[in-house]
Amino acid sequence: MINVEDILKGFKTPESRWARFGPYYAMFPLDFAFEVVKQYSKEGDYIIDPFAGRCSSIYAGGVLGRHSLGIEINPVGWLYGTVKLQPADKAEVTDRLLEVYSKRNDFNLAIERMPLFYRMCYCDEVLKFLLSARQHLSWKRSSIDATLMSILLVYLHGKLGEGLSNQMKMTKAMGINYSVNWWKKHKLTKPPEINPVDFVIKKLDWRYEKGMPTVFDSKVFFGDSTTELDRIVQKVQETDIRFSLLFTSPPYCSVTDYYADQWLRLWLLGGPEIPKYNQEKHKGRFVSKKDYYNLLDTVFGNCAALMDENSTIYVRTDRREFTFNSTLEILQIHFPKHKTEITDRPFRTRTQTEIHGNTSNETGEIDIIMTR
Ligand SMILES: C[S@@+](CC[C@H](N)C(=O)[O-])C[C@H]1O[C@@H](n2cnc3c(N)ncnc32)[C@H](O)[C@@H]1O
């Protein structure tokens, strides 16, 4: 029997070691994810999160014995989620680490050509190893490679001494020029000397020390909910499965750009060396109100086809007018028979944006809870 307190309060169990896996902007506080799943569903129920982020909702569902299904468009969030639901065997991940490291010297010349930012951020050994990982890890296809890659993503940047990089924020990568100037100003132009194999092995030892998490039938799809859900709806409608809890937090209109914030992690996954403004739909800041409205309308409309008539809809969103009003309107259109309650972030210690340093009163989350 799982003891939720053990997961939330410490690192004594495998489930607690993996629960917080992956720094991600606007992530659910862990206790909130577990509380909502516990309060609004029961064991054996089906839960869906179409904007899963680092998948705390899906992980809480799986650990608590619910069938849980997520969708996430950002590869960084998807990797954290898919790996924490089912990490690969530690010995296989370690072998792969050594294999990737053994190919680092193929990149002796490549590092010479890298922009100054990378040379100040990482020592040569780390940079060569990262280039080898970037080239050789098939993180979309192999769970061993996905696990190793996600460990590298977690520690790719962070406080000096805690990650592989020179001083940086952990949750959000700062811009190229900003970082270089900052390091110069603070006399941190030399990156820390780190042996990447020793570093990663220590991290693997800690993460796997208590074993593997036990997670019930859970999966997160990598893709765009507007199209993935069509497929899921078709499949599910052939069965008598209906979902009991829709638990999600959509992107907030014109607030966060998950691609810009994660540009360095996206580089490691094969993205551009110098970050570019991402113009693909659903991968930027959601500046177009029309596109934003259509996204929520399509996704919640498709979810409605999956839900049981007595389901609960739990949506945490931004309290600012456009995002909040659109979300509420769309949910009420797609769930016309549900009663709506608006609450001011229950089960909370700090909001998601406060955790990342935002103390302004203007922003903040609000919860829409719909029940029958
Ligand atoms: C507010 S965050 C969710 C954070 C999540 N609750 C957590 O605890 O990590 C919204 C997420 O929706 C994702 N997203 C945006 N558009 C999407 C789409 N069309 N399909 C799937 N995911 C999408 C973003 O990449 C982002 O990770």
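Throughout, read-outs are computed from the coordinates displayed, never taken from laboratory work. What you see is a predicted model, and the numbers here were worked out from it, not measured in a lab. As a convention, Cβ positions derive from the backbone with ideal geometry for all residues, glycine included, and neighbour counts pool all protein chains shown.
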Exercise. Say the dipole of the chain comes from +1 at the beta carbon of Lys and Arg and -1 at that of Asp and Glu; which of His338, Thr298, Met168 then lies farthest toward its positive end?
Worked result: Met168
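In a shell of Cβ-Cβ distance under 11 Å around Thr371, excluding Thr371 itself, what net charge do Lys and Arg (+1) and Asp and Glu (-1) give?
Neighbour charge sum, excluding Thr371 itself: +2.
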For this session: Sum up the charges of everything whose Cβ sits under 11 Å from the Cβ of Lys84, counting Lys and Arg as +1 and Asp and Glu as -1, but leave Lys84 out.
Result: +3
For this session: Give the order of Cys303, Cys55, Cys121 when sorted by the count of other beta carbons within 10 angstrom, beginning with the fewest.
Result: Cys303, Cys121, Cys55
Seminar exercise, completed: Once Lys38 and Asp124 are pulled to full extension, the length gained, defined as 0.36 nm per residue separation minus their Cα-Cα distance, is 26.2 nm
Exercise. When only DSSP loop residues count, what trypsin sites (Lys or Arg not before Pro) in the stretch 98-184 have their Cβ near at most 10 other Cβ atoms within 10 Å?
Worked result: Arg113, Arg141
Exercise. Tell me, what is the FRET efficiency for Glu92 and Lys12 to the nearest 0.05, using R0 = 22 angstrom and their Cβ-Cβ distance as r?
Worked result: 0.30
Exercise. At what distance in nm do the modelled label points of Asn294 and Ile342 sit from each other, each positioned 7 Å from its Cα along Cα→Cβ?
Worked result: 2.7 nm
For this session: Among Pro213, Val4, Trp263, pick out the residue whose Cα is farthest towards the positive end of the charge dipole of the chain, where Lys and Arg carry +1 and Asp and Glu carry -1 on C-beta, about the Cα centre.
Result: Trp263
Problem set entry | Residue-averaged 222 nm ellipticity for the chain, from DSSP H runs of 4+ at -39500 (n - 2.57), nearest 500 | -13500 deg cm²/dmol
Exercise. Just how far, in whole angstrom, is the stretch 195-221 from the stretch 108-160 if you go by their alpha carbon centroids?
Worked result: 18 Å
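Could you line up His136, His334 from fewest to most neighbouring Cβ atoms inside 10 Å?
Ordered from fewest to most neighbouring Cβ atoms within 10 Å, His136, His334 come out as His136, His334.
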Exercise. When ranked by the protection proxy of mean other Cβ atoms within 10 Å per residue, highest first, what sequence do the peptides 201-207, 74-80 form?
Worked result: 74-80, 201-207
Seminar exercise, completed: Computed for the stretch 90-208: size of charge dipole around the Cα centre, +1 on C-beta of each Lys and Arg, -1 on C-beta of each Asp and Glu, debye to nearest 20, value 540 debye
For this session: Could you tell me which trypsin sites (Lys or Arg not before Pro) in the stretch 20-83 are loop residues by DSSP with no more than 15 other beta carbons within 10 angstrom of their beta carbon?
Result: Lys42
Exercise. Label Asp240 and Leu109 with points 7 Å out from Cα along Cα→Cβ: what is the distance between them in nm?
Worked result: 6.6 nm
Problem set entry | Lysine-lysine proximity count for the stretch 1-144, Cα under 22 Å, sequence distance 8 or more or distinct chains | 13
For this session: Subtracting the Cα-Cα distance from 0.36 nm times the residue separation, let me have the gained length for Lys185 to Asp198 in nm, one decimal.
Result: 1.7 nm
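Please arrange Tyr178, Tyr122, Tyr252 by counting, for each residue, the other beta carbons lying within 10 Å of its beta carbon, fewest first. Spell out each step's value before the answer.
Numbers: Tyr178 10, Tyr122 25, Tyr252 22.
So the ranking, lowest neighbour count to highest, is Tyr178, Tyr252, Tyr122.
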Exercise. What is the calculated FRET efficiency for Ser102 to Gln332, with r their C-beta to C-beta distance and R₀ = 45 Å, to the nearest 0.05?
Worked result: 0.20
For this session: For Asn177 and Ala305, compute 0.36 nm times the residue count separating them, minus their Cα-Cα distance, and round to one decimal in nm.
Result: 41.4 nm
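For the chain, what proportion of DSSP beta bridges, expressed in % and rounded to the nearest 5, is antiparallel? Working shown, then result.
Numbers: 11 of 28 bridges.
Counting only bridges with both partners in the chain, antiparallel ones make up about 40 percent.
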For this session: Please list, in chain and number order, the residues 5+ apart from Ser68 or on another chain whose amide H is under 5 Å from its amide H, with Hs placed from the backbone.
Result: Ile47, Ser218, Lys219
Problem set entry | Pairwise FRET efficiency - Ile274 versus Lys159, Cβ, R0 = 30 Å, nearest 0.05 | 0.75
